[in-house]
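Participant: Before I ask anything, let me first share the structure, which is written out below as structure tokens.
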Amino acid sequence: MEKNKNIITISREFGSGGRSIGKAIANELQIPYYDKELIMQVAKKTGFDPKYIEEQGEYASGKTFLSYLSAFTGRSDVMGGMSAADFLWVMQQQVILELAEKGPCVIVGRCADYILKDRSDCLHVFVHADEAFRAERIVRLYGQTEKSPKERLKDKDTRRSVNYKHFTGREWGKCQNYHLSLDSSVLGIDKCVEMIVNIVKESK
């Protein structure tokens, strides 16, 4: 194993606990955790509304121009002729690369595994789980909606998959794209955290 796996990227199926795992890893290793914080940094850099940035992370480019107007509060000429989605992608890459340069951290989502694929100091993790585990978890954490838990899981994961494919050309969740793929419904959240932390510590 290559030494010094200081940057951990967490990609995850909806409801699998990837965000909770990422937070716990950051706490255990006492390193920065970037999720909502990353979104805020992209917002500052682009002028886009944070809510739009968060949503755009799960959609491929395809919305109409009118849908961008309410999201963008800066000047349109800074986009250099790019669509809002492509401009946001470029800025997101810049932010993630800058965060990685600052030192050890945990980054959740935002195609960080792809953006940082050429760095040897990264550990790229994909967290997945069976449908029943994820369905129970999203209802417990986020409550019921008009859609069934199964529909919510399918909708969210389809968006993430399409977005990932659109911007990276790779298959979301394909094991060859990650160093580690963990089933949190079998291993449990705590065990996933323990395994990742141990790998990072042993790489020192």
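The values are calculated or read from the model by the stated rules, or taken from the named source; none is laboratory data. Quick caveat, the model's predicted, so the values are computed rather than measured. In this analysis, Cβ positions are derived from the backbone assuming ideal geometry, glycine residues included, and neighbour counts consider all displayed protein chains. Side chains included, ligands, DNA and RNA excluded: accessible areas come from the protein's heavy atoms. Shrake-Rupley method; radii C 1.70, N 1.55, O 1.52, S 1.80 Å.
Participant: Checking the conditions here, which among 143, 169, 103, 173 is more than 21 Å from residue 43 (Cβ to Cβ), surrounded by fewer than 15 Cβ atoms within 10 Å (Cβ to Cβ), among the small types (Gly, Ala, Ser) and in contact (Cβ under 8 Å) with a residue 60 or more places away in the chain?
Facilitator: 103
Participant: Another question about this same structure. Checking residue 179 against (1) in contact with a His (Cβ under 7 Å, 6 or more places away or on another chain); (2) open to solvent by less than 90 Å² (accessible area, probe 1.4 Å): exactly one of these is not met. Which one?
Facilitator: Every listed condition holds for residue 179 apart from (2).
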